[in-house]
Amino acid sequence: MQCCSDTAKEVASYTDVANQIIKLVLSGPAQKRSYQRLANFTDAIGNRVSGSHNLELAIAYMYHAMSQDGLDVHLEPVKIPHWVRGEEGAEMTQPRPKRLAMLGLGSSVGTPPEGIEAEVVVVSSFEDLKSRAGNVTGRIVVFNQPFVSYSETVAYRAFGASEAAKLGAVAVLIRSITPFSINSPHTGWQDYQEGVRRIPAACITVEDAQLMSRMVGRGQRVVVRVTMGAKTLPDADSFNTVAEIKGWLHPEQVVLLSGHLDSWDVGQGAMDDGGGAIISWEALSIIKDLGLRPRRTMRAVLWTGEEQGGVGAQQYYDRHKVNMSNYDLVMESDLGTFAPVALQFTGSKAAQKMMQEVVKLLAPMNTTRLEPHAEGTDIGPWMQAGVPGASLHVQDSRYFWFHHSEGDTMSVQSPDDMDRCSALWAVVAYVVADLQDMLPR
């Protein structure tokens, strides 16, 4: 293992290469290319939920496009959940008629064909729900929880149905997990608890959750009818899509870059996570365009079945963990490709010191910050097993405005921001893949 000053010198020797990468992307022939690739892809395919024909088309599209780009591409088969939304709708029937914008939640059961019509009970938290235990049987529970943060508030979407079902509810309508709304419902996966009756679960808009809360607060009786054709089919065949630039010295050692190819069945999946998938491909393109080849293999993996809990990535991990010692760094972009702010990193103190030197190479872009704690459902198993991990921290304050909604389209993407994300991704991945030593565990 090199001493600190040697490491700093070695990393600093990549300054010219880093500058070439940044120049190629920010002002050279690769400028706006990642945005164009994302637009071409999402405009052609649209959204691509786990198990759908669209997801199959998306995988075929990416396999073809990355092969045309001169990369080594292969597909690795996996099984993924296949939930289908079907026809759905909700309306308030009392105290006045009003259509409620809604989206069924992933894995939810459907209603009978005639729907479920019942009085609602509005609660603001799980504690509030428990305090009204005697009042829930035969009713539709409306969760009107405030948005604190995604990681905290998403518990209502994930576990609301089973918590309400334990107390006898017939369905749940959950206020969308978002800090901002223009009457837009946001979907997502939800988890039924074993041994608890499964009831239909959907999200409604912030506005409608607040409306019903006010009405009930005035002592009005609010009645809602929900109709959902949702069903779960047998698991579907799918693939993780893998593209590589093989290392010239240690092809068996890997720096992995990734994003997920599947999305929800609303919007276009441009932000979540088309952008992350595209910049992972783009990073390899940039290195190839510059005629560079690192010591170790750079591998882009476009995951399938992420939205259902990292299903495709877990199967990749199970298949490849036997080679764990050869995984140098695992990277994932799944919180948008807005303007990059920092690189998030999980690893040993010694690895952090090395990465601190690597991010200094990003000085021309003013993104030299290294922050603790990489994030990513798909790289989670690797990081838990001790493999260093990295993720992109971007200016993501608007991310949850559009997340899992019809608003996730190309219109939220910026070509300049995507260029900066691509350049950061390429510099970090290439330098780590080419250093003499792997990152210390």
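The values are calculated or read from the model by the stated rules, or taken from the named source; none is laboratory data. In this text the structure is predicted, and so the values were computed from the model without any measurement. Quick reminder, even Gly has a Cβ in these numbers, built from the backbone with ideal geometry, and neighbours come from all protein chains shown. When the accessible area is computed, the model is the full protein with side chains, heavy atoms only, and any ligands, DNA or RNA have been set aside. Shrake-Rupley method; radii C 1.70, N 1.55, O 1.52, S 1.80 Å.
Odds and ends about this structure:
- Taking every DSSP bridge with both residues inside the chain, close to 55 percent are antiparallel.
- Whole-percent carbon and sulfur share, accessible surface of the range 1-147, 1.4 Å: 53
- Helix 311-320 and the long axis of the chain differ in direction by around 40°, with both axes built from C-alpha atoms.
- Pairs of alpha carbons in the range 37-116 separated by more than 19 Å make up 58% of all such pairs.
- For the chain, the per residue solvent-accessible surface stands at 38 Å², with DNA, RNA and ligands left out and a 1.4 Å probe.
- Between helix 150-165 and the chain: long-axis angle, C-alpha atoms, 0 to 90°, nearest 10: 40
- Whole-percent carbon and sulfur share, accessible surface of the range 175-258, 1.4 Å: 53
- Per-pair calculated FRET efficiency, R0 = 22 Å: Asp16 and Lys353 via Cβ, rounded to 0.05: 0.45
- Derived scalar couplings between HN and Hα for the range 370-378 equal 10, 10, x, 6, 5, 10, x, 3, 6 Hz in order, rounded to whole Hz, by the Karplus curve 6.51 cos²θ - 1.76 cosθ + 1.60 (θ = phi - 60°), x for Gly and Pro.
- Calculated on the alpha-carbon coordinates, the convex hull of the chain measures out at 136 cubic angstrom per residue.
- Residues whose placed amide H lies under 5 Å from that of Leu100, excluding near-sequence neighbours: Ala90, Glu91, Met92
- DSSP-assigned coil residues among GluC sites (Glu not before Pro) in the range 2-97, each with at most 16 further Cβ atoms within 10 Å: Glu87
- Projecting the Cα atoms of Val359, Ile204, Val25 onto the charge dipole of the chain, computed from C-beta unit charges around the Cα centre, puts Ile204 farthest toward the positive end.
- Within straight-line reach of Lys353, meaning a Cα separation under 20 Å, sit the following lysines at least 8 residues removed in sequence or on another chain: Lys9.
- Here the relative contact order of the range 126-221, from alpha carbon pairs under 8 Å that lie six or more residues apart, stands at 29 percent.
- Per the Cα gyration tensor, the range 203-247 maps to an equivalent ellipsoid with semi-axes of 47, 19, 5 Å, ordered largest to smallest.
- Between Ser50 and Ser263, the built amide H atoms are under 5 Å apart, and every one of these is 5 or more places off in sequence or on another chain.
- Long-range amide H partners of Met331 with built H, under 5 Å: Leu256, Leu257, Ser258, Ala390
- Rg and Dmax of the range 64-105, based on Cα coordinates, read 21.7, 63 Å.
- Each residue of the range 268-276 was assigned a 3J(HN,Hα) from its phi angle through the Karplus curve 6.51 cos²θ - 1.76 cosθ + 1.60 (θ = phi - 60°); the sequence is 10, x, 6, 7, 10, 9, x, x, x Hz, with glycine and proline shown as x.
- The overall shape of the range 256-347, judged from the alpha-carbon gyration tensor, is oblate: a/c is not under 1.5, and a/b is no greater than b/c.
- Degrees, to the nearest 10: 415-434 long Cα axis against longest axis of the chain: 50
- Length available on full extension from Glu371 to Val196: 0.36 nm per residue minus the Cα-Cα distance, which gives 58.9 nm.
- Full-extension gain in nm, Lys166 to Gln68, via 0.36 nm per residue minus C-alpha separation: 29.9 nm
- Accessible surface of the range 385-441, 1.4 Å probe, proportion on carbon and sulfur as whole %: 45
- Estimated distance in nm for a label pair at Tyr150 and Lys321, the labels positioned 7 Å out from Cα along Cα-to-Cβ: 2.6
- Label point distance in nm, Lys23-Phe126, each placed 7 Å from Cα along Cα→Cβ: 5.5
- Full extension of the chain segment joining Arg441 with Thr93 gains 119.3 nm, where the gain is 0.36 nm per residue of separation less the Cα-Cα distance.
- Size descriptors for the range 140-243, from the alpha-carbon set: Rg then Dmax equal 15.7, 60 Å.
- Karplus-derived HN-Hα couplings along the range 35-42 (A = 6.51, B = -1.76, C = 1.60, θ = phi - 60°), whole Hz, x at Gly and Pro: 4, 4, 5, 5, 4, 4, 5, 5
- Centre separation in Å (Cα based) which lies between the range 89-104 and the range 37-59: 31
- Rounded to 0.05, the FRET efficiency of the Ser411 and Leu249 pair, given R0 = 35 Å and the Cβ-Cβ distance, is 0.20.
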